[in-house]
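The values are calculated or read from the model by the stated rules, or taken from the named source; none is laboratory data. Just so you know, these numbers come straight off a predicted model, no measurement behind them. Here the Cβ positions follow ideal geometry from the backbone for every residue, glycine too, while neighbour counts run over all protein chains shown. Accessible surface is based on the protein model in full, side chains and every heavy atom, while ligands, DNA and RNA are left aside. Shrake-Rupley method; radii C 1.70, N 1.55, O 1.52, S 1.80 Å.
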Amino acid sequence: MAKAKEKLTSDTFLEFTLVLLITAVICLIGNLIYAWAAARGAGPVDWAANFVQSVPGLLILCGISWVGLVMGAAIPGPVPSIIWITVIGIVLSVPGMPTSKYVIDSTSKIALLATCTPVLAYAGVSMGKDWAEFKKIGWRGVLVSGLVMFGTFFGSAIVAEIILKIQGII
Amino acid sequence: MEKFKNTKELLSNWPLHITCFVIVIICECIGIIKIPVGNSSIMLLPMLFAMVIGMIVYISKPFTWINSKCDKTSSKFVVIGVSLLIAKMGITSGASIQSVIKAGPALIFQEFGNLGTIFFALPIALLFGFKRESIGLTYSIAREPNVAVIANEYTLDSPEGRGVMITYTVGTLIGTIFVGLLASILAMTPLHPYAIAMACGVGSGSMMAASSGTLIALFPNMADQISAYAATSNILSNIDGVVMAVVISIPLTNFLYKHWEPIIGKRKKNKSENN
């Protein structure tokens, strides 16, 4: 929904910081277990070393996110924070930047999949309130919505496939 | 206004955070479940288990501390928490910037592939007896910006508004799992993982996480490319979403509706689905 930009107060700053830190802590532990689960059967896992190696990467991700969130809230105009966050991420890691190697190396210790799990746990809880609304939708509505999602996804994949083939990339 | 209202609410919801923490630990311990199908696999990711358990915890009775008081905080965590994933994907895009630029034309044109869904889903919606609802239902994948556009043009109380809210609600509840499975299924077709990766960016952050995560689990040696293409495609959708809706998709859906409704919807009585 078209959200009016929230006013930046010390409350918002604190909120961004806390949400990111709580998510990062859950992510840190999740990432350790993810590494353990991925290496299951492949010998012992050095939990302490993994822990120490994960911290800088997570702090970098938190820092980028925090700056992007603040920019999204502070800069007038319709640019949402996820665009700022992506742009900062690209700028810091693009080959040739002095930060590139360090940023890529330290964040490579954080599995992409492990950054998703905490968010989706919260998403599940927040979906709970939509459940009552969902039950009211008949099977036709659900079916058509499913087809719409399928069509969007598939349509995009087909066009990408054709253009990538023409370009000779695949 | 009370000082530090949001922060206080966030901290007072500590049982929610502990619960999500425990959910994540359980789900990561389970790990990725692979169901082999033919020469490929359906991948069930820990994040999908986490989402389902989160919802069960909210709906079911024994977990009394997870209730409507958590609504605001949990949605804040979705919006803000997804930043970590976006930052991670931004970094991968930067590291693979050359392949992203090289694939620029494909990334841009696949945005128009999203329109294909209108030709495909609108006739079926009409066949089911939807009238003006079908405009909102089928014009897009109905994430927040798309809902906002419909709200602007028609209001959410209109038939078009009811339609878009159906796709929005269904997408919110089952969309993430749906596209996660869809990525596994499309990976069994001759489509190249790169092309599927670009399709992963069409919806919300959670949808992108589930679908690109599935692809990465299936093709670990292409992980960087997949995540870079998915992230760029998602950013493009965010940039062009509203403009595309206003300039192309809504007028196109209206145009097709005008021509197809008299043919397909002829014998059907107006049936409102959302009763």
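Check every DSSP H run in chain B and write down those whose alpha carbon atoms cover 30 angstrom or more along the long axis and whose mean Kyte-Doolittle hydropathy is 0.0 or greater.
Working: long enough: B:71-95 (37 Å, 0.84); B:223-244 (31 Å, 0.57).
Result, helices passing both filters: B:71-95, B:223-244.
How much accessible area per residue does region B:118-274 have, in Å², with a 1.4 Å probe?
About 36 Å² of surface per residue is accessible.
Translational diffusion coefficient, Stokes-Einstein: compute it for region B:9-69 using the Kirkwood radius over C-alpha pairs as Rh, at 4 °C and 1.567 mPa s, and state it as an integer in µm² s⁻¹.
D = 99 µm²/s.
Cα convex hull of the protein assembly as shown: mean projected area in nm², to one decimal? Spell out each step's value before the answer.
Working: hull surface 89.2 nm².
That works out to 22.3 nm², a quarter of the Cα hull's surface.
Given q = 0.11, 0.17 Å⁻¹, what are the Debye log10 I(q)/I(0) values for region B:23-166, with equal point scatterers placed on the Cα positions and solvent ignored?
-0.77, -1.27
Tell me which of B:VAL147, B:SER158, B:PHE119 sits at the most positive position along the dipole axis of region B:103-204, charges placed on C-beta atoms (Lys, Arg +1; Asp, Glu -1).
B:PHE119
Shielding by partners for A:67-74, please: the mean number of other protein chain Cβ atoms within 10 Å of each residue's Cβ.
Numbers: counts 1, 4, 3, 0, 0, 1, 0, 0.
Averaged over the peptide's residues, the number is 1.
On the principal axes of its Cα set, how long, how wide and how thick is chain B? Give whole Å, largest value first.
Taking the Cα atoms of chain B, the three principal extents are 55, 49, 40 Å.
Roughly how many Å² is the accessible area per residue of chain A, as a whole number, for a 1.4 Å probe?
On the way: 7550 Å² over 170 residues.
On a per-residue basis, chain A sits at 44 Å².
What does the charge dipole of region B:1-111 about its Cα centre add up to, to the nearest 20 debye, if the Cβ of each Lys and Arg holds +1 and the Cβ of each Asp and Glu holds -1?
Working: 10 positive and 5 negative charges, 44 e Å.
Here the size comes out at about 220 debye.
Taking only the alpha-carbon positions of region A:64-170 and ignoring solvent, what does the Debye formula give for the base-10 log of I(q)/I(0) at q = 0.17 Å⁻¹?
For region A:64-170 at q = 0.17 Å⁻¹, log10 I(q)/I(0) is -1.19.
Sort region A:10-129 into rounded, prolate or oblate with this rule: let a ≥ b ≥ c be the square roots of the eigenvalues of the Cα gyration tensor; rounded if a/c is under 1.5, and if a/c is not under 1.5, prolate when a/b is larger than b/c, oblate otherwise.
Details: a/c = 2.27, a/b = 1.33, b/c = 1.71.
Judged from the Cα gyration tensor, region A:10-129 comes out oblate (a/c at least 1.5, b/c at or above a/b).
What ranking, highest mean first, results for peptides B:141-154, B:225-238, A:125-138 when packing means the other Cβ atoms within 10 Å averaged over each residue? Please list the in-between numbers first.
Details: B:141-154: 20.6, B:225-238: 25.8, A:125-138: 17.6.
Ranking, from highest mean packing down: B:225-238, B:141-154, A:125-138.
Does region B:78-123 classify as rounded, prolate or oblate by the C-alpha gyration tensor (a ≥ b ≥ c root eigenvalues; a/c under 1.5 gives rounded; else a/b over b/c gives prolate, otherwise oblate)? Before the final figure, lay out each step's value.
Working: a/c = 5.99, a/b = 1.43, b/c = 4.20.
Oblate is the answer for region B:78-123, as a/c is 1.5 or above yet b/c matches or exceeds a/b.
Can you list the residues of region B:21-52 whose accessible area drops by at least 20 Å² going from the chain on its own to the full set of protein chains, with a 1.4 Å probe?
Residues shielded by partner chains are B:PHE21, B:VAL24, B:ILE25, B:GLU28, B:CYS29, B:ILE32, B:MET47, B:ALA50, B:MET51.
Charges only on Cβ, +1 for Lys and Arg, -1 for Asp and Glu: so what's the dipole of chain A about the Cα centre, in debye to the nearest 20?
Working: 11 positive and 8 negative charges, 76 e Å.
The dipole of chain A has a size of about 360 debye.
From Cα pairs below 8 angstrom and at least 6 apart in sequence, can you work out the relative contact order of region B:82-275, rounded to a whole percent?
Working: 255 pairs, mean separation 59.5, N = 194.
RCO, region B:82-275: 31 percent.
Please give the average number of partner chain Cβ atoms lying within 10 Å of the Cβ of each residue in A:28-39, rounded to a whole number. Kindly include the intermediate steps, with their values, before the conclusion.
On the way: counts 0, 4, 10, 2, 2, 9, 7, 1, 3, 7, 5, 0.
Mean partner shielding for this stretch: 4.
How much length is gained if the chain between B:THR64 and B:LYS34 is pulled fully straight, taking 0.36 nm per residue apart and subtracting their Cα-Cα distance, in nm to one decimal? Walk me through the numbers before you get to the answer.
Details: separation 30, 0.36 × 30 = 10.80 nm, distance 3.35 nm.
Fully extending the segment from B:THR64 to B:LYS34 adds 7.4 nm.
Near B:LYS3, which aspartates and glutamates are there with a Cα under 20 Å away, not counting those fewer than 8 places off in the same chain?
Filter leaves A:GLU6, A:ASP11, A:GLU15.
What FRET efficiency comes out for B:ILE248 versus B:ASP157 if R0 is 30 angstrom and r is the Cβ-Cβ distance? Round to the nearest 0.05. Please report the intermediate quantities before stating the final value.
On the way: r = 25 Å, r/R0 = 0.83.
Taking R0 as 30 Å, the efficiency between B:ILE248 and B:ASP157 is 0.75.
What does the buried accessible surface come to for A and B, summed over both chains, with the probe at 1.4 Å? Round to 100 Å².
Working: alone 12430 and 15650 Å², together 18600 Å².
Counting both chains, the buried surface is close to 9500 Å².
Roughly speaking, to the nearest percent, how much of chain B's 1.4 Å accessible area is carbon and sulfur?
Values: 7550 of 11050 Å².
Carbon with sulfur: 68 percent of the solvent-accessible area.
Checking buried surface per residue: for region B:176-191, which residues lose a minimum of 20 Å² accessible area in the protein assembly relative to the chain alone (1.4 Å probe)?
The answer is B:PHE178, B:VAL179, B:LEU182, B:LEU186, B:LEU191 - residues whose exposure falls by at least 20 Å² when every protein chain is included.
Build a GNM of chain B with springs between Cα atoms under 10 Å: which of B:SER212, B:SER158, B:SER140 gets the top mean-square fluctuation?
Greatest mean-square fluctuation among the candidates belongs to B:SER158.
What part of the accessible area of chain A, given as a whole %, is carbon or sulfur when the probe is 1.4 angstrom?
Working: 5540 of 7550 Å².
Roughly 73 percent of what the probe reaches on chain A is carbon or sulfur.
Determine the dipole magnitude for the protein assembly as shown: charges of +1 sit on the beta-carbon of Lys and Arg, -1 on that of Asp and Glu, nothing else is charged, the reference point is the Cα centre, and the result goes in debye to the nearest 20. Intermediate values should be presented prior to the final figure.
On the way: 31 positive and 22 negative charges, 185 e Å.
Roughly 880 debye for the protein assembly as shown.
Cα centroid distance between region A:73-135 and region A:139-166, in Å?
Spelled out, the Cα-based centre of one part sits 24 Å from the other.
For the protein assembly as shown, build the charge dipole from Cβ charges (+1 Lys, Arg; -1 Asp, Glu) around the Cα centre, then report which of A:PRO80, B:VAL243, A:ILE170 sits farthest towards its positive end.
Positive-end residue among those listed: B:VAL243.
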